[in-house]
Amino acid sequence: MDSRQAKTPKYMLYCVLVACIGSFCNGWTIGCSNLPGQVTHACKTGSQHLANPALPDCIPMSTSLWGFAVASFCVGGLVGGVSGGVIQTRFGRKKTIIYNTAGWVIGGLLIGTSYNVAMFIIGRILCGLSCGVGSLATPTYIGETSSIRSRGAMGTCNQFFIVIGILLSSVVGLPTSTVPYWRINYAIVGIPAILQAILMTTCVESPRWLISNNELEEGRHALQKLRGEATIDGEFYEIVEGQIGTAKAQSTMQQYATGLEREKLSQQEKLRDEPAVVHPDQEAVIPPNADECDTIAVAEQDASDEGLHKPMNIIQIFVDPLIRKIAFIVLIHHAIQQLSGMNAVMYYSTTIFKSAFNDEMSKYMAIATTAVNFVVTMAAVAFMDRMGRRPLLLIAEAGACLFSVLLVIGYAFNIPALLVVSVFLYVASFAIGIGPIPWMITSELTPTYANSSVGAAATGVNWAMNFLIGQVFPVVFEAIKGYSFAIFAGICFLAFVFTFFMLPETKNRSIENIVRGFEKGKPRTDAADDATATL
């Protein structure tokens, strides 16, 4: 079977799941401060050493300082995201993921043993650095190792594991929201990080990264291991062609071709030696059997211009016309992910739940919100390769717009039931598309030689918008209360329009095929046609 038709080979799935352990650590870092937050910085015994003679019962902080301490991981995430492109280009996707676990291990230990505010904040920043690098390296690795037919489901696993991390950190946070057990909740993140560092050594490097470094033999071996018993000739050729060009790819493939493939190449070589026919109305020289080898002339014509693509830096991706267009689409969708208001809704949900339930029940409702996120993200894994990215993202943006409007109505007319339902349905809308898809399309739309820089820029934008919302929304909410969700409704409407006109479908299409669509000015080519073209 052609590897382009393969779905989920076992070893490929194993590598994806191991890479996603980092996403779990990311989710844990996000959610671990939610329930134990109060006892962490405002316990009754303060900085006394009653529970443990070596460590204070909590780290006393003012509300504003606590807000900064919690949000400081976003600063680390921004720095890690922007610098992650250079790191994964130099060391490769696999080693970057392994090295990146150090931030969670050291950061978790610092917070778990923190004696003062400085240790706590430094620990959060270190965890944030790993979250930032992981936000780039994990989706990149998944996108470059997954088969075409299962890339959507595998890509959604990144967001799925983030949600699992948030959910489990909330569940564990219930019994650990006491002195001195709050420390355990922050330090636990180091355990899966160590596990990932060990297991990742059993996974292969990204074949596309190896080929981009001209390590063709190693890249072919890694691709074959990922695809099991499937035939990888066609997929390997596409990857090589996308990196070093058609003519050189054909030359390279001759050493790997066997049987029928070698006979085909020999026939094409013979056709090149046949007398050419010059059409009177054309200057081009066309072989007699042009229909059988219509790519040969083009390949020969462009051979002198083709070669190994060098990795682009962040400045170059905005200079190159093709990559600039791709980067624009990716960056806007990453900005939309944060500006759509998910973090703001989660922030406001506490107020909503308290208006309808008592304090104890509100805690469980907050966990239920995360559970909704978990269930719907799991559904996204199942539907991503069936429905496609565009339909799911359009549904998600339309839903987020609608339920943001309902939040405004519920607030304006003081209808707690409508507010509660709107929160759950908004979270479901986010989880089905806005959450997972921007990370997925970063590696799907971008060629390997520009992937790291586009991904770094996108991750930087994502974390910057995350930090912006965290700082600005409380101020806006204080001024206009629930009417602030009208802003997010407008953003989601504009996002729907942008996605409809600008985002191509990537389902069942190779990365190289998608890039060729942008080169031809037809990025929204139907996936079915492209799948047929690759057979």
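The values are calculated or read from the model by the stated rules, or taken from the named source; none is laboratory data. If you're wondering where the values come from, they're calculated on a predicted model, not measured in any experiment. Every residue, glycine among them, receives a Cβ derived from its backbone with ideal geometry; neighbour counts consider all protein chains shown. Just the protein is used for accessible areas: all its heavy atoms, side chains included, with ligands, DNA and RNA removed. Shrake-Rupley method; radii C 1.70, N 1.55, O 1.52, S 1.80 Å.
Amide H contacts for residue 231 (H built 1.01 Å from N in the peptide plane; partners 5 or more residues away or on another chain; cut-off under 5 Å): 2, 3.
For the cross-link pairs 10/325; 95/520; 225/325; 248/310, which exceed 27 Å when the distance is taken from alpha carbon to alpha carbon? Those over the limit are 10/325; 95/520; 225/325. Available extension along the chain between residue 95 and residue 218 is 42.7 nm, counting 0.36 nm per residue and deducting the alpha carbon span. The simple spin-label model puts a point 7 Å past each Cα toward its Cβ; for residue 233 and residue 71 those points are separated by 5.8 nm.
Remark: accessible surface ordering of 41, 221, 309, 334 (largest first) is 221, 309, 41, 334, probe radius 1.4 Å. 3J(HN,Hα) along region 83-92, derived from phi through the Karplus expression 6.51 cos²θ - 1.76 cosθ + 1.60 where θ = phi - 60°, amounts to 7, x, x, 5, 5, 6, 6, 7, 9, x Hz, with x in place of Gly and Pro. Above 26 Å, the calculated P(r) of region 301-434 contains 41 percent of its Cα-Cα pairs. The heavy atoms of residue 172 offer some 40 square angstrom of accessible surface to a 1.4 angstrom probe. Pairwise alpha-carbon distances in the chain exceed 46 Å for 19% of all pairs. Note on residue 472 and residue 10: their simple-model spin labels are 5.1 nm apart, each label 7 Å out from Cα toward Cβ. Counting only protein heavy atoms and a probe of 1.4 Å, the accessible surface of the chain is 65% carbon and sulfur. About its Cα centre, the dipole of the chain is roughly 2120 debye, where the only charges are +1 on Lys and Arg Cβ and -1 on Asp and Glu Cβ. Helical content alone sets the calculated 222 nm signal of the chain at -23500 deg cm²/dmol, taking -39,500 (n - 2.57) per DSSP H segment of four or more residues and averaging over every residue.
Residues whose amide H falls under 5 Å from that of residue 34, counting only those 5 or more places apart or on a different chain, are absent, with hydrogens built in the peptide plane.
Here the relative contact order of region 379-535, from alpha carbon pairs under 8 Å that lie six or more residues apart, stands at 33 percent.
The charge dipole of region 1-157, taken about its Cα centre with unit charges on the Cβ atoms of Lys, Arg (+1), Asp and Glu (-1) only, comes to about 580 debye.
Straight distance only, please: which lysines reach the Cα of residue 363 with their own Cα at less than 17 Å, same-chain residues fewer than 8 apart left out? In chain and number order, the partners are 354.
Heavy-atom accessible surface of the chain, averaged per residue, reaches 42 Å², computed with a 1.4 Å probe.
With each label point set 7 Å from Cα along the Cα-Cβ vector, what nm distance links residue 86 and residue 412? That separation, rounded to one decimal, is 5.0 nm. Ranking 403, 117, 191 by Cα position along the charge dipole of the chain, where only Lys, Arg, Asp and Glu carry charges on their C-beta atoms, puts 117 farthest toward the positive end.
Computed on protein heavy atoms with a 1.4 Å probe, the accessible areas place 361, 119 in the order 361, 119, largest first.
Each part reduced to its alpha carbon centroid, region 207-245 and region 66-85 end up 35 Å apart.
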